[in-house]
Each structure stands twice: as structure tokens, then as C-alpha cells.
Amino acid sequence: MNKAFLSWRGHKPAVVSKVPKQHDCPTAFGQAVYDRRTQLAWSQAELAHRAGLEESDIDRIERGDATPSLHLLCRLNEAMTDQLTA
């Protein structure tokens, strides 16, 4: 094995540790959706209706079991009055 590769592989910059793990992103986004929805005092059914989705879609997103597309992110953001931040 190449020595340069071994030295690079063993040296991890601090920035790498700050990048969320791939499996954390859907969960963090789902939590942001849940937090905003409850702040608005909406049910999952209400958010689904406003975003043009099924209630089960909102449930899966909030649980972190679904990764929404960019189009869906925009629809959710519009439905929640452009206030969604993670």
C-alpha cells in the first residue's frame, strides 16, 4: 500500500468530524419539520393537506424514514410559511 495513502488515511482534519453522518440528515430534517409543525399547532394531516402530500409522507419524514426530494422540500417550506430551518 502507498505510504502517502496510509499517512493521509490516518490523518483526519477536525472539519471532517463536523460533517453530519449520512444517516443523521433525514432525522435532523424530520425533527425540524416536527418542531415547526408543532410550533404552528398543526396536525400531520393539516401539514399534508397544505403541502399537497399524504399524512403518511409527513409521518415518514418526521421519523427520518424518508429523504425528501428538493421539490418536496420546497413544497414543505412553502406550506410552513417559508420558515423552515434546520
Exactly one of Ala79, Ala32, Ala86 is open to solvent by 70 Å² or more (accessible area, probe 1.4 Å), of a type in the set (A, V, I, L, M) and at pLDDT below 95, and that residue is Ala86
Residues of the stretch 53-70 being touching a residue at least 24 places away in the same chain (Cβ under 8 Å) and surrounded by 12 or more Cβ atoms within 10 Å (Cβ to Cβ), in sequence order, are Ile58, Ile61, Glu62, Arg63, Gly64, Ala66, Thr67, Pro68
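The values are calculated or read from the model by the stated rules, or taken from the named source; none is laboratory data. Here the structure is a predicted model, which is why all the values come from computation and not from measurement. Every residue, glycine as well, gets a Cβ built from its backbone with ideal geometry; the counts of neighbours run over all protein chains shown. Ligands, DNA and RNA are excluded from the accessible area calculation, which covers all protein heavy atoms including side chains. Shrake-Rupley method; radii C 1.70, N 1.55, O 1.52, S 1.80 Å.
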